[in-house]
1. In nm, give the distance between the simple-model label positions of residue 51 and residue 98, each being 7 Å from the Cα along the Cα-to-Cβ direction.
2. From Cα pairs below 8 angstrom and at least 6 apart in sequence, can you work out the relative contact order of the range 2-100, rounded to a whole percent?
3. Any chance you could run the full-extension gain for residue 12 through residue 111? It's 0.36 nm times the residue separation minus the Cα-Cα distance, nm to one decimal.
4. What whole number of Å gives the distance from the Cα centroid of the range 63-111 to the Cα centroid of the range 1-50?
5. In nanometres, what is the gap between the two model label sites at residue 83 and residue 69, each 7 Å from Cα along Cα-to-Cβ?
6. Based on the mean of other Cβ atoms within 10 Å per residue, sort peptides 57-68, 73-84 so the most packed one is first.
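Throughout, read-outs are computed from the coordinates displayed, never taken from laboratory work. Everything numeric here is computed off the predicted structure, so don't read it as measured data. All Cβ positions, glycine included, derive from the backbone under ideal geometry; neighbour counts span all protein chains shown.
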């Protein structure tokens, strides 16, 4: 499954570029050139997204169609950056997230609401077994 986010390349005071995304605060990569920073950000973003999915959260990722519909608007909006080099503007970029099959399947379950039901059923079954064990003692 391939999903996307819209991020910003910010030119920093020290001359490097930072790739940041308001939807994923704290997820950042820096490099002297944009493309390596973007690749590093993509790897960090994939780790963050997998952590969110493992925790049962829905990461705010977009389909290709959703990116198409919002990209122009996002290009007009800069992000706050106190470490921005004065007189520079953001470069808006699209970052691809290619989820491994197991993470993609779990995300689909989370989005559909089935994961919550399956988790609840599993917990009830485990607790029921524990109760039966206690009663049999």
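1. The answer from the label model is 2.3 nm.
2. Result for the range 2-100 is 44 percent.
3. Full extension from residue 12 to residue 111 adds 32.0 nm.
4. The two parts, judged by their Cα centres, are 9 Å apart.
5. Using points 7 Å along Cα→Cβ, the separation is 3.5 nm.
6. Numbers: 57-68: 14.2, 73-84: 12.4.
Top of the packing list down: 57-68, 73-84.
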